Amino acid sequence: MSKPDAEIVQFDNVGLRYGTGKEVLTDISFTLYPGRFYFLTGASGAGKTSLLKLLYLAQRPSRGLIRMFGTDAITLPRERLPGFRRRLGVVFQDFRLVQHLSAFDNVALPLRVAGVSEREIAKPVDEMLDWVGLADRRHARPATLSGGEQQRVAIARAVIARPDMLVADEPTGNVDPEMALKLLQLFESLNRLGTTVVVATHDVHLIRKVPESLIMRLDKGRLSDPTGALRYPPRRPSGEAGRPPLGFAPA
Amino acid sequence: MNAAALFGSLRRSRDGEPALLSDTRTADPRLGSPMPWVIAIVIALTVIAAASGLALRNAAARASADLNGGVTVQIVTAAPADRNHQADAALAMLEKTPGVIDARHVAQSELDTLLEPWLGTRPGDTIDDLPIPALIDLRLAGPATPARVAALRARIAGVAPSARVDAQAAWLTPVFRAIATLQWLAGGLIALLALATIAAVVLSARNALVNHRETIEIVHMLGGTDAQIARVFQHTAAMDAGIGGVIGLITGTVAIVILGRQFSALGSGMVGGAALGWVDWLVIVLIPLGGVALAVLTARLTVLSALRRML
């Protein structure tokens, strides 16, 4: 576990291009601290998903430096990637559920990958499915679930192993407002337990529900500073007096 | 329910050795339903090739052991009286020769039996009138090396000038060479069949990797290791090879038992020595296990090699 004030993620002049195309992310610099709640906003095509891919180690940057959990993530040997990934929870925009597994087995997957014994798996997985309102669909395969139900399974899978950092790409895009609020409460609960949460969304109402959150805005592959968090020294959000400095390192 | 209750009961296991993914039914990569049948055919052919190689080795070893110290002395002269005289003299001398453990004048009746297939036994046949060489069957202590045969030849020449001395093994040298060639052929076939197994498993594993690429990526993203993923493929390869191996072993065994019976019916002395011993049968029974090991190792190396190219 990271030390309370140590940065959990640090990006320094990171750029990303796919193949020989133009850069989809340019000069991205920021720092994420443990136990904070971040929103990543931006129009479609601004690079949100690409930035999240860098965050959950599915993509290496074309340039720049990335440190995660106090370690250089660029030169991280491949054998150490699984250990880092187990500290992350990811909600993919397209859910990425394993189609031949039931909702229960999909949610249980991170625990099984991490070596948790079968007798320790059933209770938390059932509780999690109950939390996301899918207790009665535990045996259902993803193909038989609606988009919203699949999204809730994906969220349950992302948070079941209580990750150090949760990265969610449009996690409420397919659910009704009531369920969106409930899922947000789940993220906040996780956040209160110390998990850093990064949610990519363009749902303004969702952002407003978490007043203490910090916002990163991507515009054509560049990070902007709508909340002043990128200023130096970083702004302390209202009501944050006495807490360690929040937000982002100087660009 | 609060979040602490929701998350609090979990045991974190970031650094420990993770459980087998195969236990979790995380992924279900089928190496292709034809695989067990391909393996069965390969194992059946391997069993037949191995049994043939082992039987040939046994036949050669038995014949070689029988003939190893054997020497034949022929007294080749047309005059019966001289022939008998020389044969008696040679026999008397050989019985006193060191290193000779047995010397036996082959009886005329035995010669008649040996010649019967060619000359017949009808009344009136006059085999006795034919100038058939007198034969002395010698057993030496130890192998009949060319040097020992030459020494014997020199000694016999003094008492039986018409004698020809030959090591019995020398007559079968071309047969032994042919058997050795057939054994190499059987070994080559087994090697080719092993390569065919490797190729089939590699192709199936690659196919399964492509079909399950998305699942593999998900498992990777959730912190699954290459070894965990490879174990799922190894398990499938082991199952396919195991099922195929049993079918192949049964099929191959039935074939060699039928072939063995047919060869036994030939009644030839050399073929009779080709019977398989219990060690040979043990080797044959171990062939499917070798197939499973080869399939598992091939699947593991193929999958790990492919996974290393993924992030």
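The values are calculated or read from the model by the stated rules, or taken from the named source; none is laboratory data. Because the structure is predicted, anything quoted here is derived from the model rather than measured. Quick reminder, even Gly has a Cβ in these numbers, built from the backbone with ideal geometry, and neighbours come from all protein chains shown.
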Picking from B:Val232, B:Val271, B:Val202, the residue that is at pLDDT below 90, touching a Ser or Thr at 6+ places or on another chain (Cβ under 6 Å) and part of a helix (DSSP H, G or I) would be B:Val232
Being in contact with a Leu (Cβ under 9 Å, 6 or more places away or on another chain), closer than 25 Å to B:Arg57 by Cβ and either modelled with pLDDT under 85 or among the β-branched types (Val, Ile, Thr) (or both) narrows B:Ala169, B:Ala186 down to just B:Ala169
_Given the condition in contact (Cβ under 8 Å) with a residue 60 or more places away in the chain, under 30 Å from B:Leu249 (Cα atoms) and crowded, with 16+ Cβ neighbours inside 10 Å, answer yes or no: does some residue in the range B:61-69 qualify?_
yes
How many residues of the range B:203-219 are more than 11 Å from chain A (Cβ to nearest Cβ) and of a type in the set (Asp, Glu)? The answer is 0
Wholly inside the range A:119-231, strands (runs of 3 or more DSSP E) that include 3 or more residues that are in contact with a Lys or Arg (Cβ under 8 Å, 6 or more places away or on another chain) and under 24 Å from A:Arg86 (Cα atoms) are A:196-200
Across the range B:147-181, the tally of residues that are over 30 Å from the mean Cα position of the chain (by Cα) and part of a helix (DSSP H, G or I) stands at 13
Only one of A:Leu109, A:Leu88, A:Leu51 is crowded, with 23+ Cβ neighbours inside 10 Å, out of contact with any Phe, Trp or Tyr (no Cβ under 7 Å at 6 or more places or on another chain), closer than 18 Å to A:Ile8 by Cβ and among the hydrophobic types (A, V, I, L, M, F, W, C), namely A:Leu51
Checked the range B:156-193 for anything of a type outside the set (A, V, I, L, M, F, W, C) and closer than 14 Å to B:Leu138 by Cα; matches are B:Arg164, B:Asp166, B:Gln168
Conditions (1) crowded, with 16+ Cβ neighbours inside 10 Å; (2) at pLDDT below 85; (3) under 30 Å from B:Val292 (Cβ atoms); (4) under 32 Å from the mean Cα position of the chain (by Cα) -> B:Ala19 fails only (4)
Considering the range B:278-311, residues that are more than 14 Å from chain A (Cβ to nearest Cβ) and of a type in the set (Gly, Ala, Ser), and then whichever is farthest from B:Val47 (Cα to Cα), we arrive at B:Ala299
(1) within 8 Å of chain B (Cβ to nearest Cβ); (2) assigned to a helix (DSSP H, G or I); (3) within 19 Å of A:Asp169 (Cβ to Cβ) all hold for A:Ala108 apart from (3)
The residue from A:Asp94, A:Asp130, A:Asp72 that alone is within 11 Å of chain B (Cβ to nearest Cβ), among the acidic types (Asp, Glu) and more than 15 Å from the chain's Cα centre (by Cα) is A:Asp130
Considering the range A:133-177, residues that are touching a residue at least 40 places away in the same chain (Cβ under 8 Å) and polar (S, T, N, Q), and then whichever is farthest from the other protein chains (Cβ to nearest Cβ), we arrive at A:Gln151
